[in-house]
Amino acid sequence: MTTNTRPQPRPCAPGCAITAPHAGRPRVHFADLDNLHGSGDPGVRRINRVRGDYDEIGIFPGDIFYGACNHNPNSRDRANAQKTFHLCTAWPKGTVRPVHGKDAADRALTTRATELIDIGHLSDRFEEAIIASGDHLFALVAHRLRQAGLTVHLVIAHLQGLSKDLERAADGCIWHLHEKR
């Protein structure tokens, strides 16, 4: 009899302290906020909780943060616009880009990561990359970031949402946001 249970992701091991005060070069963060929130339409409470949980990882001076979230620019729903505004302002040290469409947040972030990689000398500027998503679309980016000399950590909201390809492409810790490890 076979089971379809997935192995547990590797926790942060000694020497791989994603939450420790950072003394090295800055880190670059790529956060698929829809993935972290578990929805393209999260409530304000959920936004605040995820932002608070991410604070344990830290966005340190010198770090660069890129985030993307779903937003329908054609919607006349005022409450939705207010949530998007709240989401964008809840991440004050970074750049959050509202985008629209299927996988638009993923594509915006992978495009930005690819642009940074293509500029070159990424390991001269950053020591680590943190991909805050479990989506398979980030696997190639993770691989390329490693080739550029960075340690790639993952931040996930749900274990079942972690792509096996992305898990294999990363070489750092996997931080399960709600289990905090």
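Put simply, the convex hull of the Cα atoms in segment 80-150 casts, on average, a shadow of 5.4 nm².
Go ahead and collect, in residue order, the members of segment 31-56 whose backbone nitrogen is under 13 Å from a label point 7 Å along the Cα-Cβ direction of Asn80. The answer is 40-42.
A short reminder: the numbers here are calculations on the coordinates, not readings from a lab. For clarity, every value in this text was computed on a predicted model and none was experimentally measured. Neighbour counts are summed over all protein chains in view; Cβ atoms, including those assigned to glycine, are modelled from backbone coordinates with ideal geometry.
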